[in-house]
2 protein chains.
Amino acid sequence: MAATARRAPGAPTTRDRILAAAAEEFAARGFDGAKVDRIAVRARVNKAMLYYHFRSKTALYQTILLDRFGRVARAVEAVREQGGSPEIQLRRFIEALAGTAFTQPQFPPMWLREIADGGRHLAPPIVSEMGRVVGTLGAILADGHAAGVFRQVNPLVTQVGIVAPLLFFAATGPVRERFKQLVPADILNAQGQEIITHVVAGTLAAVTPPHARPSASRRQQS
Amino acid sequence: MAATARRAPGAPTTRDRILAAAAEEFAARGFDGAKVDRIAVRARVNKAMLYYHFRSKTALYQTILLDRFGRVARAVEAVREQGGSPEIQLRRFIEALAGTAFTQPQFPPMWLREIADGGRHLAPPIVSEMGRVVGTLGAILADGHAAGVFRQVNPLVTQVGIVAPLLFFAATGPVRERFKQLVPADILNAQGQEIITHVVAGTLAAVTPPHARPSASRRQQS
DNA sequence: GTCTATATTTTGATAGAC
DNA sequence: GTCTATCAAAATATAGAC
């Protein structure tokens with residue numbers, strides 16, 4: 001044991017500090033823009049320590065990606081296990097995705113970058129986690145179609161219609177902050193809830209078959 | 001004159017070749033991932049030539065960004081000049097954006113990356129071009145609201161709901177191609193038209209006030 | 001306008017002591 | 001597990017001839 005500084009109980013381990021610092025750096029700068037030196041400084045360790053815990057910059061990056069996509073996958077699968085009508089599940093699916101996007105700020109930019117990169121860093125286990133997300137939505141849509149409440153839609157198109165606005169909105173937080181003086185404040189102050197409402201409304205409208213559109217009982221005029 | 005190779009009439013200039021090569025490299029790898037050497041090779045010039053035409057890697061990147069955002073801005077402003085009802089203009093706005101995204105494949109990944117980067121490379125003139133896009137949509141929405149056919153919506157939220165899915169879908173082309181063996185072919189074969197239809201339907205539903213929802217004349221049952 | 005050769009800095013990664 | 005010192009490759013940029 002000797003003179004080694006002992007970690008306080010409950011305090012994050014060195015490995016955890018590295019992971020946290022790396023997530024911020026990768027999210028803010030992307031894989032190529034992220035610098036190992038900066039990650040080490042942020043984590044208050046030296047580079048050698050970082051390479052003791054992770055084989056390479058790539059391995060570190062993929063560890064984080066896998067963790068984050070795993071969380072999303074678990075979040076949406078929990079929605080399905082919770083049951084309920086297809087409409088309810090679809091709504092909760094969107095909310096779960098939004099929840100992840102807003103509570104884990106590093107995730108949206110990372111996802112956007114991976115898309116732009118053509119999946120260059122997406123190792124098979126990570127792709128598998130993404131598949132669980134799309135698969136969950138596909139199952140909800142299939143249920144709805146079988147029950148006659150959804151028309152037959154392409155799950156990929158629906159998925160994009162849901163995920164893209166949420167990621168985009170969450171990721172543009174910093175940009176909106178940066179250019180706030182150029183745009184009327186009330187417009188910029190759009191809250192997360194507004195985009196969720198928008199996506200829910202848009203998605204439901206796109207998957208609802210014509211014969212199930214809003215009924216006359218809700219209409220006010222001819 | 002001497003022994004200098006003369007450019008064939010109509011053939012792209014050296015500068016143009018550099019710009020084209022750089023656009024591909026930046027789109028595929030991002031600013032930090034893009035390498036000046038690779039751009040030079042792709043453009044069939046040497047590095048010194050590249051630095052003769054452009055002050056720096058950053059200057060080259062921003063030249064391309066400004067050009068691309070300028071094209072989008074002109075495309076959507078043309079929609080507005082064309083006139084028509086707010087609904088028509090909104091639809092054409094979406095189609096114009098989609099057209100740009102699909103015909104200029106480098107643009108969607110570049111836009112996604114800039115979002116993820118928090119606008120680190122967005123010089124004021126580029127921001128100004130983006131403003132023209134949002135401004136155009138804002139005007140269409142305001143017209144519609146004044147005419148009573150749209151409810152009052154946050155233009156930024158609507159903008160995100162339109163732009164994000166289109167960019168995302170266009171940018172995921174390569175990823176979908178890459179993992180085509182993991183997903184049923186018919187799902188992957190979603191065409192651009194499907195996402196446009198989805199976005200149009202979703203957006204119109206989100207901006208349409210309750211009293212103007214699909215009328216009973218279109219409904220088939222109680 | 002174009003090329004070769006090179007300067008300079010940054011960066012991912014490691015050796016080896018403690 | 002942790003640190004100092006350092007290597008080797010890569011990458012941006014430029015000098016200077018033609």
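The values are calculated or read from the model by the stated rules, or taken from the named source; none is laboratory data. Here the structure is a predicted model, which means the values were calculated and not measured. Methodologically, a virtual Cβ is constructed for each residue, glycine included, from the backbone with ideal geometry; neighbour enumeration extends over all protein chains shown.
Across region B:110-134, which residue is farthest from B:Ala75 (Cα to Cα) among those that are part of a helix (DSSP H, G or I) and more than 10 Å from every other protein chain (Cβ to nearest Cβ)? Walk me through how you get there before you give the answer.
Within region B:110-134, the first condition is being part of a helix (DSSP H, G or I), and the residues that meet it are B:110-116, B:124-134.
Filter once more, so that each one left must be more than 10 Å from every other protein chain (Cβ to nearest Cβ): B:125-126, B:129, B:132-133.
Working: B:Pro125: 17, B:Ile126: 16, B:Glu129: 11, B:Arg132: 10, B:Val133: 9 Å.
It comes out as B:Pro125.
Of all residues being within 7 Å of another protein chain (Cβ to nearest Cβ) and assigned to a helix (DSSP H, G or I) in region B:168-181, which is nearest to A:Pro155 (Cα to Cα)? Just the residue, please.
That would be B:Phe169.
In region A:126-156, what count of residues is obtained for those that are under 17 Å from the mean Cα position of the chain (by Cα) and under 30 Å from B:Ala27 (Cα atoms)? Even if it seems obvious, please write down each step before you answer.
Within region A:126-156, the first condition is being under 17 Å from the mean Cα position of the chain (by Cα), and the residues that meet it are A:126-137, A:156.
Restricting the remaining residues to those that are under 30 Å from B:Ala27 (Cα atoms) gives A:126-135, A:137, A:156.
Residues that pass the stated criteria total 12.
I'd like to verify a number: residues in region A:144-177 that are in contact with a Phe, Trp or Tyr (Cβ under 8 Å, 6 or more places away or on another chain) and of a type outside the set (Gly, Ala, Ser), how many?
The number of residues fulfilling the criteria is 6.
Looking for whichever is over 16 Å from the mean Cα position of the chain (by Cα), of a type outside the set (Asp, Glu) and within 14 Å of chain B (Cβ to nearest Cβ) here; the options are A:Phe31, A:Phe26. Which one fits?
Exactly one of A:Phe31, A:Phe26 is over 16 Å from the mean Cα position of the chain (by Cα), of a type outside the set (Asp, Glu) and within 14 Å of chain B (Cβ to nearest Cβ), namely A:Phe31.
Of the residues A:Ile64, A:Ile39, which single one is within 14 Å of DNA strand D (Cβ to nearest atom) and either assigned to a helix (DSSP H, G or I) or without any contact (Cβ under 8 Å) to a residue 12 or more places away in the chain (or both)?
Going through A:Ile64, A:Ile39 in turn, just one is within 14 Å of DNA strand D (Cβ to nearest atom) and either assigned to a helix (DSSP H, G or I) or without any contact (Cβ under 8 Å) to a residue 12 or more places away in the chain (or both): A:Ile39.
Every residue in region B:17-33 that is surrounded by fewer than 21 Cβ atoms within 10 Å (Cβ to Cβ), over 19 Å from B:Val175 (Cα atoms) and within 11 Å of DNA strand D (Cβ to nearest atom), please.
Selection gives B:Asp32 alone.
If you go through region A:88-109 one residue at a time, how many are farther than 22 Å from A:Ala59 by Cβ and not in a helix (DSSP H, G or I)?
Of all residues in region A:88-109, those farther than 22 Å from A:Ala59 by Cβ come to A:88-103, A:105, A:108.
From what's left, not in a helix (DSSP H, G or I): A:105.
Going through region A:88-109 one residue at a time, the tally reaches 1.
Of the numbered conditions (1) among the small types (Gly, Ala, Ser); (2) within 16 Å of DNA strand D (Cβ to nearest atom); (3) within 24 Å of the chain's Cα centre (by Cα); (4) more than 24 Å from A:Val127 (Cα to Cα), A:Gly83 satisfies every one except a single condition; which is it?
So A:Gly83 meets the others, but not (2).
Looking at B:Ala73, B:Ala20, which is the one that is within 16 Å of DNA strand C (Cβ to nearest atom) and part of a helix (DSSP H, G or I)?
After applying the criteria, what remains is B:Ala20.
What residue, of B:Ala205, B:Ala190, is over 18 Å from the mean Cα position of the chain (by Cα) and at pLDDT 95 or above?
The match here is B:Ala205.
Could you tell me whether any residue of region B:110-117 is under 18 Å from the mean Cα position of the chain (by Cα), surrounded by fewer than 20 Cβ atoms within 10 Å (Cβ to Cβ) and not assigned by TED's automatic domain parsing to the domain that holds B:Gly33?
no
Please verify whether region B:53-65 includes one or more residues that are under 22 Å from A:Arg120 (Cβ atoms), within 14 Å of DNA strand C (Cβ to nearest atom), buried (at least 16 other Cβ atoms within 10 Å of the Cβ) and within 14 Å of chain A (Cβ to nearest Cβ).
yes
Any residue at all in region B:36-47 that's within 16 Å of DNA strand C (Cβ to nearest atom) and within 14 Å of chain A (Cβ to nearest Cβ)? Let's see the steps before the verdict.
Here is the first cut: in region B:36-47, the ones within 16 Å of DNA strand C (Cβ to nearest atom) are B:36-47.
Going one step further and asking which of them are within 14 Å of chain A (Cβ to nearest Cβ), we end up with B:36, B:38.
Within region B:36-47, one or more residues are within 16 Å of DNA strand C (Cβ to nearest atom) and within 14 Å of chain A (Cβ to nearest Cβ).
Which condition breaks for A:Thr58 when tested against (1) more than 16 Å from DNA strand D (Cβ to nearest atom); (2) under 22 Å from the mean Cα position of the chain (by Cα)?
That leaves (1) as the condition not met.
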